[in-house]
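Student: Handing you this structure, nothing more for now.
None of the figures in this text is laboratory data; all of them are computed from the coordinates on show. This structure is a prediction, so every number in the text was calculated from the model and none was measured. Here the Cβ positions follow ideal geometry from the backbone for every residue, glycine too, while neighbour counts run over all protein chains shown.
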Amino acid sequence: MAEALLLYEGKAKKIFETDKQDEVIISFKDDATAFNGLKKDEFADKGRVNLAFTKYFFNLLETGGIKNHIVSFIDETSLRAKKVSIIPLEVVVRNLAAGSLCRRLGFEKGIELKPTLCEYYLKDDSLNDPILAKEHIKYFNYVTEKELACIEEQALRINELLYTHMEQKGITLVDFKLEFGRTADGQIILADEISPDTCRFWKKGTMESLDKDVYREEKGDLVGSYKVLADILGLEL
């Protein structure tokens, strides 16, 4: 890994080249960030834990027909993935009101959103990832209308699979963020990660967070709360 060429470093991951042109190695970091990087810390074991969750959730979704970029898992903090061009749209699916939705619109925290809300944000730190209407997306030419409809269909299917699974485990899936990438042959597939870094999980019937809100709101031990969630899911770390 140390000898591989670093292609990109983000807030939570590093991407390295491999011996194959159409594959990369993704290494999960121990860094935690919030508020568009204004708050940043490092937590031992966080990268390993988030990779374990990503493996768990991506495997679950794959059984439900959702394709993703993962080729194989290398070790506890890194995986091999198909090389994709990330579409610079963050897709946020919301089942209950929380976070920025409450701040922006004054919604009461925890109210149920029916139908499920699907939002889009421009993936651009310099602009603080602004929310986009579908009409705005047309001007960027990142995706066609048909591709955007496909992305939303996948996002809502992912929500259906994850929400049902987590409810059975006594956990409420409040909301989550997804990223999609385009392969060399033009296929749009799920990419990045799904973990407590990218989702809000509450213990059912409460607003007790088992996700990055523990860090955002300084409510306790971040990695410890992730491990509590892993125990509930029966995920061995």
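Student: Based on the Kirkwood radius over alpha-carbon pairs, what value in µm²/s does the Stokes-Einstein equation return for the translational diffusion coefficient of the chain at 25 °C and 0.890 mPa s?
Tutor: This corresponds to a translational diffusion coefficient of 133 µm²/s.
Student: Consider all pairwise Cα distances in the range 177-233 and report the whole-number % of them above 16 Å.
Tutor: 51 percent
Student: Once the convex hull of the C-alpha atoms of the range 6-82 is built, how many Å³ does it hold per residue, rounded to a whole number?
Tutor: Hull volume normalised by residue count: 104 Å³.
Student: Sort HIS136, HIS69 so that the residue with the fewest other Cβ atoms within 10 Å of its own Cβ comes first and the one with the most comes last.
Tutor: Neighbour counts put them in this order, fewest first: HIS136, HIS69.
Student: Where Rh is the Kirkwood radius over the Cα pairs of the range 85-222, the temperature 20 °C and the viscosity 1.002 mPa s, what D in µm²/s does Stokes-Einstein return?
Tutor: Estimated via Stokes-Einstein, D reaches 135 µm²/s.
Student: Over all Cα pairs of the range 42-102, how is the pair count split among 10 Å bins, expressed in % and running from 0 up to the last occupied bin?
Tutor: So the P(r) values, bin by bin, are 17, 37, 38, 9.
Student: Report the antiparallel proportion of the DSSP beta bridges in the chain as a percent, rounded to a multiple of 5.
Tutor: In the chain, approximately 100 percent of DSSP beta bridges are antiparallel ones.
Student: With equal scatterers on the alpha carbons only and no solvent term, can you work out the Debye log10 of I(q)/I(0) for the range 1-135 at 0.16, 0.21 1/Å?
Tutor: Normalising to I(0) and taking log10 leaves -1.09, -1.44.
Student: Mind jotting down the three principal axis lengths of the range 106-154 based on Cα atoms? Whole angstrom, largest first.
Tutor: Sorted largest first, the three principal extents are 35, 28, 16 Å.
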